[in-house]
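Take a look at the structure set out below.
The values are calculated or read from the model by the stated rules, or taken from the named source; none is laboratory data. As the structure is a computational prediction, the values presented were derived from the model and not from experiment. For neighbour counting, all protein chains shown are included, and Cβ atoms are generated from backbone atoms with ideal geometry for every residue, glycine included.
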Amino acid sequence: MAADAETTEDAVLGGRLTLRQPKRGHRFGHDAILLAAATDARPGETAVDLGAGVGTAGLVLAHRVPQLAVTLVEVDPMLAALARENAARNALGDRVQVAVLDVNAGGEDFARAGLPGACAEHVLMNPPFNDPLRQNASPDAGRRHAHTASGDTLVQWIGRAESLLVQSGTLTMIWRADGLAEVLTAVAGFGGTAVLPIHPKPATAAIRVIIRAVKGSAAPLVLLPALTLNDADGKPSVEAEAILRNGACLRLSEA
């Protein structure tokens, strides 16, 4: 695990959680909180957070939903160790486990880690989504790994999610808004897909989309009203404050 001098302790959800994360490299932000808010899990269910980093999204979800079992899947041993520490420091260690695994590892590797096929009602993920051909890659190796996607990344991660989900289980993910067409193609094997655009300010283009898709559903695609994070003066919107500071849910379904 990283030495204390190489990490910081940061408050999440207005101080309801405190998470340790690397001082440099990939650091969590609004995306992880929004992802957790959009995952409609219920007590007694099981969720898997793919590419969990220090565990932000999965831990926020576990904090919100009592009796939810969560597995944080992270390939970087140092980040995985921080995720395990963060679960313990926030009194969630009894319901949150950490698996040091590459998302592209084989099914047998996942099974040995306690994640056989069709084991979860929910998979949430924030895959690497920067295109190295269109955006400059970070010089920091950790940040580069967390953010830069290959041509197969999206298909591989969604394929892993599908294998982990039970029938009628839900995939919730966040992605670049300008990559929406890629996501809709990649989740074509799912149904009941809902798309929520995320705008930084009014009258600006969306920067993110949150996608919810249901394994085995035949329901049609739904485009939901957008979430705007800030007002025209840059102050957080009431809706964003409720989610990011107070842990409110972000509903992507009628259920």
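For region 159-191, a residue qualifies if it is buried (at least 21 other Cβ atoms within 10 Å of the Cβ), under 11 Å from K215 (Cβ atoms) and touching a residue at least 40 places away in the same chain (Cβ under 8 Å), and the qualifying residues are A161, L164, L165, G169, T170, L171.
Exactly one residue out of A242, A218, A194 is assigned to a loop (DSSP other than H, G, I, E, B), hydrophobic (A, V, I, L, M, F, W, C) and at pLDDT 95 or above: that is A218.
The C-beta contact set for region 237-250 (first residue acidic (D, E), second residue modelled with pLDDT of 95 or more, distance under 7 angstrom, 6+ apart or interchain) comprises E239/L227.
In contact with a Lys or Arg (Cβ under 6 Å, 6 or more places away or on another chain) and at positive phi, is that true of G247? Yes.
If the condition is being surrounded by 14 or more Cβ atoms within 10 Å (Cβ to Cβ), over 17 Å from the mean Cα position of the chain (by Cα) and not hydrophobic (A, V, I, L, M, F, W, C), then region 1-44 contributes T7, D10, R16, R20, P22, G25.
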